[in-house]
Amino acid sequence: MSTIDTRARSGGMVDVNADGTRDPMTPERTRVDNVGTAVIDLVRRQDIDAVLFDCDGTLVDSEPIGHRIWGALADDLGVVAAPGADAEGLSFEQRLETLRTTNPALPPTEVVYAEYWRRLRAAFDESLRPIEPTYHLALELVRADVPIAIVSNSAQERLQYTVSCALPLLTDVPLVGWTPRDRPKPHPDLYRRAASLLATRADRCLAIEDSAVGALAASRAGMRTLILDAPAH
C-alpha cells in the first residue's frame with residue numbers, strides 16, 4: 001500500500017462512552033472539513049481495509065439542488081406534504097410512497113421520476129459540484145491503493161450520471177446504486193453488495209454517510225460508520 005500523507009490535518013469530533021471507551025461499530029461523527037483525519041488515522045492503524053462513500057450530501061452537494069427541483073415539480077403536481085414525514089436519506093421512490101396517502105391521484109412513480117430526473121439532470125449539468133474534503137479524501141485513498149466504492153440510494157443510472165458530472169476522477173471505482181433487486185437504505189443490501197464487490201469483510205469496511213438512514217444501513221451490514229455534519233450553505 002502506498003504511503004498516505006497525513007500532514008496539515010485536524011481532528012474530528014468522536015462520540016465516546018463515559019469511561020472513554022467506544023464500541024468500534026458505534027457511529028462516529030466528524031465535521032466534513034475534518035473527515036480526512038478520522039479516515040486516514042484508521043487506514044494508518046490498519047483498522048480498516050476499504051472505505052465506502054455515500055454520494056448525495058457526502059461526495060456531492062446535490063441535495064439543495066434536488067430539494068429545489070422536487071419543490072418546483074411538487075408544486076406543478078399539486079402535492080400535499082404528508083404530515084410528520086421525514087424524508088432524510090430516503091430514496092426518491094421511498095419519498096414518493098410517503099406522499100401517496102395524502103396524494104392518491106399522484107401519477108405512477110416511474111412517470112413522476114422521469115420528469116424529476118429530466119429536470120434534475122439539467123440542473124446537475126449547470127451547477128453540481130463536489131464536496132471538496134470528501135472528494136479529495138476519496139482521491140487520496142485511490143492513489144494509496146485503498147479500495148473504495150460509492151454506495152447510494154439513487155438509482156444506478158442517476159448515480160453513474162452524478163459521478164461523471166461532478167466526480168470525474170472516480171468514474172472507475174465501483175458504483176453501487178439502487179436497483180429493483182435491492183432493498184434501499186436503511187436496509188443493508190447496498191452496503192453488503194459493495195463489500196462483496198471489493199472482496200472485503202464488512203467489519204473491515206468504513207462507511208462515510210451524512211444521514212441517519214444511511215448510517216443505519218451500514219451498521220446493519222456490520223460496518224463501522226462515520227457520520228458527517230451537513231455542509232454549510
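Tabulated data for the structure shown
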item: Summed residue charge, Cβ within 12 Å of Ala114's Cβ, Lys/Arg positive, Asp/Glu negative; result: +1
item: Residues whose placed amide H lies under 5 Å from that of Ala207, excluding near-sequence neighbours; result: Leu52, Arg224, Thr225, Leu226
item: Distance cut-off 20 Å, percentage of C-alpha pairs in segment 81-195 lying past it; result: 51
item: Under-5 Å amide H pairs with Ile131, H placed in peptide plane, nonlocal only; result: Val60, Asp61
item: Residue exposure sequence - Thr109, Thr162 - by fewest surrounding Cβ within 10 Å; result: Thr109, Thr162
item: Sites Glu115 and Ser164, calculated FRET efficiency, Cβ-Cβ separation with R0 25 Å, nearest 0.05; result: 0.70
item: Kirkwood Rh and Cα Rg combined as Rg over Rh, evaluated for segment 63-127; result: 0.94
item: Proximal charge balance of Asp49 [Cβ under 14 Å; K/R count +1, D/E count -1]; result: +2
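Just so you know, all these numbers are worked out from the coordinates, no wet-lab data involved. No experiment lies behind these values; they were computed from the predicted model shown. With ideal geometry, Cβ positions are generated from the backbone for all residues, glycine too; neighbour counts draw on all protein chains shown.
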